[in-house]
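Everything on this sheet refers to the single structure shown next.
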Amino acid sequence: MTETPQEQQIPTYKNVVEFVENYLSVVYRRQVSDLSDTVWCPEWWNHTEAIARLDAVWRAWEHLRQDGATGMSVWFLDHADKHMAVLLDPKGPFKYCSVRNGHKDMLIPLPLTAPPHGMFSNPADNSEPADPEPTDPEPAENLQSAGSEARR
């Protein structure tokens, strides 16, 4: 039976939580004990990176499930496998968490230094970045004389 275009647009799962609980955790089974090289946090929703990645995986699944030919293969290879490899990696966002001991909020955001004011444009106001200061400014007359010497 073929779905109508309207039926295709209705998501199977109403949100990422429902998708993770009812599909991903059932289909994507892994050994996640303290003795394995695969980690998982039962409170995955406490990790901003996990939320972003799993939401992307869910949305890709909702789209690709409609392709009866290779959609699910594309979903596994290009979406689920890549995001899950990062999430389940012992150096990933669940590094300090475990199924036994639960969630540990020990990772901090990446350290940043603010760029100089005006270095980047603001798309909202259509402004251009400020012209950078020349590193070795030469007086205009030196540039003109150098140019005239090169033409000789």
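When the test is whether a residue is free of Cβ contacts under 8 Å to residues at least 12 places away in the same chain and acidic (Asp, Glu), Asp34 does not pass it. Could we say that Leu54 is closer than 30 Å to Ile10 by Cα and in contact with a helix residue (DSSP H, G or I) (Cβ under 8 Å, 6 or more places away or on another chain) here? So Leu54 passes the test. Is it true that some residue in the range 82-93 is part of a loop (DSSP other than H, G, I, E, B), closer than 24 Å to Val16 by Cβ and touching a helix residue (DSSP H, G or I) at 6+ places or on another chain (Cβ under 7 Å)? For the range 82-93, residues part of a loop (DSSP other than H, G, I, E, B), closer than 24 Å to Val16 by Cβ and touching a helix residue (DSSP H, G or I) at 6+ places or on another chain (Cβ under 7 Å): present.
For the structure I just gave you, tell me whether Val26 is in a helix (DSSP H, G or I), over 20 Å from Pro93 (Cβ atoms) and either in contact with a helix residue (DSSP H, G or I) (Cβ under 6 Å, 6 or more places away or on another chain) or free of Cβ contacts under 8 Å to residues at least 40 places away in the same chain (or both). Taking the combined requirement at face value, the residue satisfies it.
Taking the options Glu3, Glu49, Glu62, name whichever one is modelled with pLDDT under 95 and either surrounded by 12 or more Cβ atoms within 10 Å (Cβ to Cβ) or outside any helix (DSSP H, G or I) (or both). Exactly one residue qualifies, and that residue is Glu3.
The values are calculated or read from the model by the stated rules, or taken from the named source; none is laboratory data. As the structure is a computational prediction, the values presented were derived from the model and not from experiment. Heads up, the Cβs are rebuilt from the backbone with ideal geometry, glycines too, and the neighbour counts pull from every protein chain shown.
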